[in-house]
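Step one of this worksheet: look at the structure below.
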Amino acid sequence: MYLSQSLILSFFASQVAAAGVVGEAFGFAKGTTGGGSAEPVYPNDIKELTGYLTDNEPRVIILQKEFNYIGSEGEVTEDGCRPASNTCPGNGGQDAINGANWCNGQPTVSVTYDKAGTSAINVGSNKSIVGEGTSGVIRGKGLRIANGAKNVIIQNVHITELNPQYIWGGDAITIVGAGGQIWIDHVKTSLIGRQHIVSGYAPSNGITISNTEIDGNTSWSASCDNRHYWALLLIGQGDKITFQNNYVHHTSGRSPKVGGTGEGTLLHAVNNYFYDNSGHAFSIAAEENGRVIAEGNVFEKVKKPIEDGDSKMFAPQDAQTAAACESPLGYKCEVNVLSGSGTLTGSETSFLGDAKGEGVTPVPASEVAASVKANAGVGKL
Ligand SMILES: *[C@@H]1O[C@H](CO)[C@@H](O)[C@H](O)[C@H]1NC(C)=O
Ligand SMILES: *[C@@H]1O[C@H](CO)[C@@H](O)[C@H](O)[C@H]1NC(C)=O
């Protein structure tokens, strides 16, 4: 009796010690604590999960299973449209739900979709959402950090199946008008209808996206080639985003698109592995104020590493160009490496100092493909 009691106690002690966030936020989200040392909670169903995510308590929310929202809000059949991009209707293309009146003037088709996917869960402040092993899956609904919510960590969670057959079917992670301190780490997104991650236009301040897998492999592609077009849209006003050690693969555009009005978004893309992209990786909206520092990245089988708008891009490919970081940032940037890819350009240095004090440590691109493949995504904490 005494022995088994102490065994049970030590089992619980080790479980509590093991539960929660692994590692610490760095880069522009440095200092993010999420739910901090709150007693972990273990939701049993989607109602409990939504409750913990949206209430006003600091929470460490551990996901030990899949939470399937598909069907929970019913199904909708209505008029959508067939955009010109869908050159393969019924055979791997993407039709559109009429989100934000996007369909305006395009040929009407009937669309049937799951309602839960089209609106996300509004996550409150001071939350850590952490999956256990590969068990933490949210199916059919995304997460949204908005309206001043801040200090949120999403770690080791797979968000999937948001009406992937339809443009406007849903976004996996939305950040709009958040109060800053948002750390997305070891997340995986797959089979998303619209954006995998979207920020803006309202400002959200400091964000870090690290060790995350953006899996664009899909049977419904706006480019009709099994690759998702709407991967990452980062257009917050004055946002600063560290984007490090991520694996972005099987996409065909917006990987990422960067912009934003006012001050626009400053993106530091460092040590990412961009693989198999049949369209463009970077696109910087010329009429907006997005700025990108891209260093130590690997582009492999990327048709267009940059689409257009390279006037606000710094993307060194030789040591001499990379040396420009030394005075504004205090270190030499790492060069980017391309193989089987199109042309990368971008030599603007005027905004390098905007990333001063970010506090990241790049590694040479030669180490990136292997380490990102081994470490990015879920189940690898
Ligand atoms: C989040 O935590 C901060 C710091 O402890 C606190 O000031 C704030 O009120 C919390 N917000 C919510 C919504 O609990
Ligand atoms: C894409 O997903 C399909 C269906 O799950 C799978 O059979 C295929 O191997 C995947 N392709 C790639 C390149 O990951």
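Before moving on, here are some points about what is shown:
- Candidate cross-link partners of K115 among the lysines, defined by an alpha-carbon separation under 25 Å and a same-chain spacing of 8 or more, comprise K47, K65, K141, K188.
- Helix-only CD estimate at 222 nm, as mean residue ellipticity for the chain, using -39500 (n - 2.57) per DSSP H run (n ≥ 4): -3000 deg cm²/dmol
- For R59, the residues whose amide H sits under 5 Å from its own are G35, K127, S128, ignoring neighbours fewer than 5 places away on the same chain, with H placed 1.01 Å from N.
- Between the alpha-carbon centres of the stretch 196-272 and the stretch 315-345 there is a gap of 20 Å.
- A straight chain from S72 to T349 at 0.36 nm per residue would run longer than the Cα-Cα distance by 94.7 nm.
- Exposure rank, largest accessible area first [D45, D225; 1.4 Å]: D45, D225
- The stretch 48-121 - Rg over Rh from alpha carbon coordinates, Kirkwood radius: 1.13
- Equivalent ellipsoid, the stretch 250-366 (semi-axes from 5 times Cα gyration tensor eigenvalues, Å): 21, 18, 11
- 3J(HN,Hα) couplings calculated from phi for the stretch 247-257 with the Karplus curve 6.51 cos²θ - 1.76 cosθ + 1.60 (θ = phi - 60°) are, in sequence order, 10, 10, 9, 6, 10, 9, x, 6, 10, x, 9 Hz; Gly and Pro show x.
- Rel. contact order, % - alpha carbon contacts under 8 angstrom, at least six apart, the stretch 182-329: 18
- Legend: helices of the chain (whole DSSP H runs) are marked when their alpha-carbon atoms reach 18 angstrom or more along the helix axis and their mean Kyte-Doolittle hydropathy is at least -0.5; marked are 2-18.
- ³J(HN,Hα), Karplus 6.51/-1.76/1.60, whole Hz, each residue of the stretch 94-110, x for Gly, Pro: 10, 7, 10, 6, 7, x, 6, 6, 5, 6, 1, x, 8, x, 6, 9, 7
- In the chain the Cα-Cα distances spread across 10 Å bins starting at 0 as 6, 24, 33, 24, 10, 3, 1, 0 percent of all pairs.
- Placing +1 on the Cβ of every Lys and Arg and -1 on the Cβ of every Asp and Glu, with nothing else charged, gives the chain a dipole about its Cα centre of roughly 200 debye.
- Neighbour cut-off at most 11 other Cβ (10 Å), DSSP loop, trypsin sites (Lys or Arg not before Pro), the stretch 252-348: none
- Share, in percent, of DSSP beta bridges within the chain that are antiparallel, nearest 5: 10
- Computed from label points 7 Å out along Cα-Cβ, the spacing between Y331 and S219 is 4.4 nm.
- At 1.306 mPa s and 10 °C, Stokes D of the stretch 79-157 from Kirkwood alpha-carbon radius, µm² per second: 103
- Using a Gaussian network model of the chain in which every pair of alpha carbons under 10 angstrom is joined by a spring, one finds that among G23, G133, G92 the greatest mean-square fluctuation is at G23.
- Here the Karplus relation 6.51 cos²θ - 1.76 cosθ + 1.60, evaluated at θ = phi - 60°, turns the backbone of the stretch 260-268 into coupling constants of x, 8, x, 6, x, 9, 9, 10, 9 Hz, with x for every Gly and Pro.
- Based on Cα contacts under 8 Å between residues 6+ apart, the chain shows a relative contact order of 12 percent.
- Accessible surface of the stretch 39-137 [probe 1.4 Å, protein heavy atoms]: carbon and sulfur percent: 42
- Calculated FRET value between A202 and N56, using beta carbons and R₀ = 30 Å, to 0.05: 0.90
- Taking every protein chain into account, the accessible area of the chain amounts to 40 square angstrom per residue (probe 1.4 Å).
- Cross-link partners of K301 among lysines, defined as those whose alpha carbon lies under 17 angstrom from its own and excluding same-chain residues fewer than eight positions apart: K373.
- Here each label is just a point 7 Å from Cα along the line to Cβ, and for D45 and V22 those points are 3.1 nm apart.
The values are calculated or read from the model by the stated rules, or taken from the named source; none is laboratory data. Values in this document were obtained by computation on a predicted structure and should not be read as measured data. Reconstructed Cβ throughout: ideal geometry from the backbone, glycine too, with neighbour counts over all protein chains shown. Just so you know, the surface numbers come from the protein's heavy atoms only, side chains and all, with ligands and any DNA or RNA stripped out. Shrake-Rupley method; radii C 1.70, N 1.55, O 1.52, S 1.80 Å.
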